[in-house]
Amino acid sequence: MSVTRFAPSPTGFLHLGHAYSALTAFEAARASGGRFLLRIEDVDRGRARADCEAAICDDLAWLGLQWEKPVRRQSEHFDEYKAVLTKLGSMGVLYPCFCTRKDIAEEILRAGGAPHLMGPDGAIYPGTCRALSSDERAERIASGAPYALRLDVAKAVARIGHALVFHEFGAGPDGECREQSVQAARLGDVVLARKDMPASYHIAVVADDALQGVDLVTRGHDLFHATHVQRVLQALLGLPVPTYAHHRLIVDETGKKFSKRDFAVTLRALRKAGVTPANIRAQFGFATKF
Ligand code: GLU
């Protein structure tokens, strides 16, 4: 019995890629007689839109999915995420970072695009503020300078003290469950909180997956690297570790991932054009009859 979830960010309308992701989670729960949850990941208050949340629910219902109520909306739980950040802070694995985007870009340029600064999703934070003394940090905070909180990956790894793994379905040649070794520093010292986003995606996801008893995380392969970071957070916080299934990404004819700007492949547009949920299920290879 698996507990799975679909966890969209309400910053646009759902497109075919989301439909595949939602169906994958829903069918995995159904195949095991388990539970399917919908979670609204709206920690980015500047980008989340109430009309998109309503549209997401409407589109998923049209697709034939049912989910448990009430739906967890992350923006209503910042206090819980703050408690998680406080716990990490007390472990000494966070540090304040005062760098602007421009500072970071300049620092990377100065380092001449050093290979250790190239992560799978682009350049990684060069660690400028990691070197600040505690006096300097206190002084800058007292002066009112805005800052983010970053995970000090090296300290986190030292504190955990042993290698980490996670289990992933579909990682082997026959789609079987395989052990993956965690590379904690893949994304570098990630941001876990910012002035305008009191808890980042990683914090909210790790806290919620544990709290909601999610034991099978199905999501796109674009989040594979995020799983490594999240596994580190789970180890620090002593949280249970779900099994993962990073599914293929649905791409357009040029091989590009759909974005929220591709209106033609939104479920809204497809529905208007006469496409049915059965067509979409068939396109992805799911049985068309419930
Ligand atoms: N909210 C994330 C997104 O929309 C997905 C998070 C996850 O599945 O862990 O990309």
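The values are calculated or read from the model by the stated rules, or taken from the named source; none is laboratory data. Since this is a predicted model, take the numbers as computed values, not measurements. Don't worry about glycine lacking a Cβ; one is built from the backbone with ideal geometry, like all the others, and counts go over all protein chains shown. For accessibility, only protein heavy atoms count, side chains too; no ligands or nucleic acids. Shrake-Rupley method; radii C 1.70, N 1.55, O 1.52, S 1.80 Å.
Below is a table of values for the structure above.
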item	result
Karplus (6.51, -1.76, 1.60) ³J(HN,Hα), θ = phi - 60°, over region 174-188, in Hz, Gly and Pro reported as x	9, x, 6, 7, 10, 7, 10, 7, 7, 10, 4, 8, 3, 9, x
Once the Cα gyration tensor of region 1-144 is diagonalised, semi-axes √(5λ) in Å	38, 20, 16
Region 163-210 - convex hull of the alpha-carbon atoms, volume per residue in Å³	107 Å³
Cysteines (scope the chain) whose Cβ has no counterpart Cys Cβ under 4.7 Å	CYS52, CYS57, CYS99, CYS177
SER134 paired with ARG45, simple spin-label distance in nm, labels 7 Å along Cα-to-beta-carbon	3.1 nm
q = 0.15, 0.17, 0.26 Å⁻¹, region 197-290: log10 I(q)/I(0) [Debye, one scatterer per Cα]	-0.81, -0.93, -1.28
Segment ILE141-THR288, length gained on full extension (0.36 nm per residue, minus Cα span)	47.2 nm
Mean separation of Cα contacts under 8 Å (6+ apart) over length of the chain, as relative contact order %	24 percent
Cross-link reach list, aspartates and glutamates versus LYS87, counting only Cα pairs under 13 Å and skipping chain neighbours closer than eight places	ASP79
Over region 90-170, equivalent-ellipsoid semi-axes from the Cα gyration tensor in Å	26, 20, 11
Region 159-220 and region 1-49: distance between their alpha carbon centers, rounded to Å	16 Å
Computed over the chain, the ratio Rg/Rh where both radii use C-alpha atoms and Rh is Kirkwood	0.98
Per-residue HN-Hα couplings for region 244-261 [Karplus 6.51, -1.76, 1.60; θ = phi - 60°; Hz; x = Gly/Pro]	10, 9, 8, 8, 4, 9, 8, 10, 7, 5, 8, x, 8, 4, 5, 10, 5, 8
Three principal axis lengths of region 220-274 [C-alpha, angstrom, descending]	48, 23, 18
Ordering of 250-259, 184-193, 264-273 by packing [mean C-beta count within 10 Å, highest first]	184-193, 264-273, 250-259
Segment ALA114-GLU176, length gained on full extension (0.36 nm per residue, minus Cα span)	18.7 nm
Proportion of all alpha-carbon pairs of region 125-201 beyond 20 Å (%)	51 percent
Binned Cα-Cα distances of region 105-251, short to long, each 5 Å bin given as a whole percent	2, 8, 15, 19, 20, 16, 10, 6, 3, 1, 0, 0
For region 52-134, fraction of C-alpha pairs farther apart than 20 Å, in %	62 percent
Accessible area per residue in Å² at 1.4 Å probe, computed on region 166-236	38 Å²
